[in-house]
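Take a look at the structure below.
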Amino acid sequence: MIEISPEPASPTATAFDGPRRIASGPLVAVALAVKAAIAAGAAGPVLTFDDRTGRVIDLDLRGSDAEIAARLGDASPARGRGRPKLGVTAREVTLLPRHWEWLAAQPGGASVTLRRLVDQARRADGDDSRLRAAREAAYRFMAAMAGDLPGFEEAARALFADDWAGLERHGAGWPADVRAYMLKLADGSPQ
């Protein structure tokens with residue numbers, strides 16, 4: 001198994017050849033490891049998962065390693081006008097007239113006020129959103145890799161009940177790499 005240290009902003013992924021984990025790290029490096037595993041006769045199915053969402057990633061492995069890296073390395077959008085050092089992203093927000101009037105009357109204007117409100121909501125949320133996303137990511141992975149394994153339904157119920165002992169108990173007979181990755185996703189620790 002290849003373990004690759006991620007660069008800070010690069011998306012990370014984990015790839016499996018059947019139940020065996022073959023690579024984990026930045027998406028480009030994992031894609032190249034997947035291509036090499038397939039060329040070496042991987043038994044399959046070979047699946048690659050997004051470490052953040054647990055979703056299967058469909059990799060385009062055509063061409064040379066440099067062409068694959070160029071395709072996957074271009075995932076970051078080109079910067080346009082604005083304030084790039086702050087990472088500002090312009091998007092459309094639809095509000096009622098009374099909301100726009102209230103925002104316009106706030107110190108700093110609508111953008112500053114909306115950012116402040118979002119930050120307050122994020123603080124009030126605590127870890128709830130992160131933990132909910134972790135459970136959903138773990139479930140997506142479990143459904144893809146362990147949906148036919150004994151104890152899957154019980155493990156899924158334990159996952160959503162925050163019953164970690166039950167989750168480990170019902171997944172105990174699963175292949176080690178599948179179980180370890182599922183527990184990592186369920187933990188919700190920042191990737």
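Test Thr94 against the stated conditions and say whether it is loosely packed, with under 10 Cβ neighbours inside 10 Å and among the polar types (S, T, N, Q). When the stated conditions are applied, Thr94 passes them. When the range 143-191 is filtered for residues that are in contact with a Pro (Cβ under 9 Å, 6 or more places away or on another chain) and closer than 20 Å to Ala15 by Cβ, the ones remaining, listed by number, are Met145, Ala146, Leu149, Trp174, Pro175, Ala176, Asp177, Val178, Gln191. Just one of (1) over 22 Å from the mean Cα position of the chain (by Cα); (2) charged (D, E, K, R); (3) within 22 Å of Asp51 (Cβ to Cβ) fails for Arg115. It is (3).
Please find, within the range 154-178, the residue that is farthest from the chain's Cα centre (by Cα) out of those that are surrounded by 21 or more Cβ atoms within 10 Å (Cβ to Cβ) and in a helix (DSSP H, G or I). So the residue we want is His170. Being modelled with pLDDT under 80, in a helix (DSSP H, G or I) and among the charged types (D, E, K, R), is that true of even one residue in the range 74-82? No, the conditions are met nowhere in the range 74-82. Among what's in the range 106-153 and is modelled with pLDDT under 90 and not in a helix (DSSP H, G or I), pick the residue that is surrounded by the fewest Cβ atoms within 10 Å (Cβ to Cβ). Only one residue fits best here, namely Pro107.
Would you mind stating whether Asp60 is free of Cβ contacts under 8 Å to residues at least 24 places away in the same chain and not small (Gly, Ala, Ser)? Yes; evaluated as a whole, the condition is true for this residue.
The values are calculated or read from the model by the stated rules, or taken from the named source; none is laboratory data. Remember, predicted model here, so these are calculated numbers, not experimental data. When we count neighbours, we look across all protein chains shown, and the Cβ atoms used for this are built from the backbone with ideal geometry, even at glycine.
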